[in-house]
Structure formats: C-alpha cells, structure tokens
Amino acid sequence: MFDVESTPDLDLAAGEPVFKAAPVRIAASPGAFGGLEGSAVLTSQRLIVVPGAMGEVRRGDPLQRALATLWERVKPAVLDAFPIARLLSRARDRNAQLAARARPGIEIPLETVRRAFEARLPGWIGLELALPLPDPRPPFALYLQLDVGPGPHREWAQQIEALRTSAPARPELERPYALFYLLQPPPRPMVRVRSAEGTRKGALVLHADGPAIATTFASERVLLPYESITRIVYAAPTSWRRSFLRIEAGEHVMRVEPQKDWDAQRLHDSAHLLAEIAGVPLRRDMGDVRAARVMTAVMTAAGAAAAVAYEVLQSLP
C-alpha cells in the first residue's frame, strides 16, 4: 500500500486506503500527442488525477527531463511572443477545470469503470467509461501513460479491474460528461438567453467561474457563478416540441434556447455539464409545442384526406 502522507490533500473518505501513486499522462489514444499531465493516485474507491502535480516529467529518461527543464525556462517567453499559444493552453486548462472544479483533482469512481485493460503500447492502460442512459452514444475510453517503468502498468490495470467490482457507488463524485469532454473542446451551442434583464444571443460557454455568453471569440460574460445555481431544468427536443434549459439561482431565472435545431445536442451536453459542475440534479420537463409544425402536419393530413375522398367519389358510378 502507498504511503498516504506522500500524496496531496485528496479529501479521502474514512477507510479509503491509497494503493498506488505515479506520474501520469491522460490522452485520447495510446501514444497520442498532448493530453493532460499530472499525478495519479489509486485508492480503493477512485482514481484521482491531480493536474500539474508531476514534478519531473519522466524520471528515467535524461533526454526527456532535459527537454522538460528547457521548456520550463523558455515557455514564458514563448507565450509572451505568441498569444495564440496562451489561448491554446487556456483551452486545455478549461477542460481540466471543469472536471476537477471544487475537487482536489479529476476523480473517476471505480464503480463507474466498465473495464480496465492494457493498451497496445507498453506503459499505457485504458479505462472504458460510458455516458449514463438513455444517452445513445457508445462507451468511450481514457488512456493513461504511467511513469512507473516497464511492467507495473499491468498491475495498475489488474488492480483497477479487481477493485471496480467491489467499489461503492460515489454518485457525488460522478462527472461522466466532464470526463467525456476532458480531452476535447466543451460544447458551445448558439443560444438565446431570456431573463428579466432582456434577451441575449451568443455561444453558451462553461467558463471557469460559471456559464457565460460569448459574443466574440475573446469576449465572455459570466451570467452567474456556479455556486449560486439552485435548480436546473432541461427539456429535450422532439418532433413536436422545442428544447430549452432553465437555470435558476434563487429568484433569478434564465431560459436558454438553442438558436437552431443542430444546437440542441450541444445544449443537452451543456446542461449535463452544468449540473455536474454546480452539483445540483438535472430535472426534466417538456418543451414548448412547435405550433407551426403541428399546424403544417394537420393541414397536410387534412389535405391528404380530402384528396383521397375526392378520388373515391370520382370512382363511384
């Protein structure tokens, strides 16, 4: 068992031993460029990744260590000279902030892991996860490169596989949509926001401090802080009803509507992400009836019935 005193302050539950810890890189596929680096801590109930807590990037590789040291010295000058690099860094940090916000790190309850397996590249393991039903999308995987030398990564996969079957449910830690978007840009649906202050249009962005409306790429106005949200209601789109998202913070109510039908799926994911980050349940409701579409269907059906009746009458002797 790993010495718990050498791990960061992880807010562990009573009777939750720490088994392993190692520097780690999370990527969308084994050997993929980029990803998220940090320290991985495996307990009896969860896998915790603390971003940016790696120390030396690769202890066993002098060349890699030298490159990491050089980058740490050059990085500030590079970011000052090329602002686009700063924007890219912020975009990657935002995903980690969403998954780890108000928590000591990115947490994966072992009970939610469908399976743990060795990846096709040495030193990598995979964790298969899934979005909750009734989301129709197939399971997805996060891949971890463990800086533990050759061989021990297999022990990590085997121990996670053994622990997940007996790990208790930790619904308060589950953030499946945040994990789904950990290595890809969060959704940015184009929406209309209606509130007592009026109507605004723009992209709904999950800012580090709260949901925001972005009217340009660099302009984001936070609507309200995550901590003030008390209720979130979402209505899924159907053939006859429109989608909407209602965010309540005490007496303050905002109604968020997708501008186009293709923004509805992104609004669906934003609603789930918002509920995970704010720590409130996502409630369901029925959207408003699409009156124009219903009337068109009624008129079309009536016209078709009239045409059939006319043909029948014409065929009578």
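The values are calculated or read from the model by the stated rules, or taken from the named source; none is laboratory data. Being a predicted model, the structure only gives us computed values, none of them experimental. Methodologically, a virtual Cβ is constructed for each residue, glycine included, from the backbone with ideal geometry; neighbour enumeration extends over all protein chains shown. Ligands, DNA and RNA are excluded from the accessible area calculation, which covers all protein heavy atoms including side chains. Shrake-Rupley method; radii C 1.70, N 1.55, O 1.52, S 1.80 Å.
In the set (1) among the small types (G, A, S); (2) at pLDDT 90 or above; (3) more than 17 Å from the chain's Cα centre (by Cα), the condition left unmet by A196 is number (2).
Here's the yes/no breakdown for (1) open to solvent by less than 40 Å² (accessible area, probe 1.4 Å); (2) out of contact with any Gly (no Cβ under 9 Å at 6 or more places or on another chain):
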| position | (1), (2) |
| --- | --- |
| L146 | yes, no |
| P176 | yes, yes |
| L182 | yes, yes |
| A208 | yes, yes |
| P225 | no, no |
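With the structure loaded, tell me whether P136 is modelled with pLDDT under 95 and either open to solvent by less than 40 Å² (accessible area, probe 1.4 Å) or assigned to a loop (DSSP other than H, G, I, E, B) (or both) or whether it fails that test. In short, yes.
Report whether or not A162 is without any contact (Cβ under 8 Å) to a residue 12 or more places away in the chain, more than 20 Å from the chain's Cα centre (by Cα) and open to solvent by 50 Å² or more (accessible area, probe 1.4 Å). The answer is yes for A162. The listed residues are V49, V18, and the only one of them that is crowded, with 17+ Cβ neighbours inside 10 Å, at pLDDT 55 or above, under 16 Å from L179 (Cα atoms) and touching a strand residue (DSSP E or B) at 6+ places or on another chain (Cβ under 6 Å) turns out to be V49. Against the test of being surrounded by fewer than 20 Cβ atoms within 10 Å (Cβ to Cβ), touching a residue at least 60 places away in the same chain (Cβ under 8 Å) and within 16 Å of the chain's Cα centre (by Cα), the options R101, R120 yield a single qualifying residue, R101. Among residues of the stretch 237-258 being open to solvent by less than 30 Å² (accessible area, probe 1.4 Å), touching a Lys or Arg at 6+ places or on another chain (Cβ under 9 Å) and without any contact (Cβ under 8 Å) to a residue 60 or more places away in the chain, the one that is farthest from P225 (Cα to Cα) is F244.
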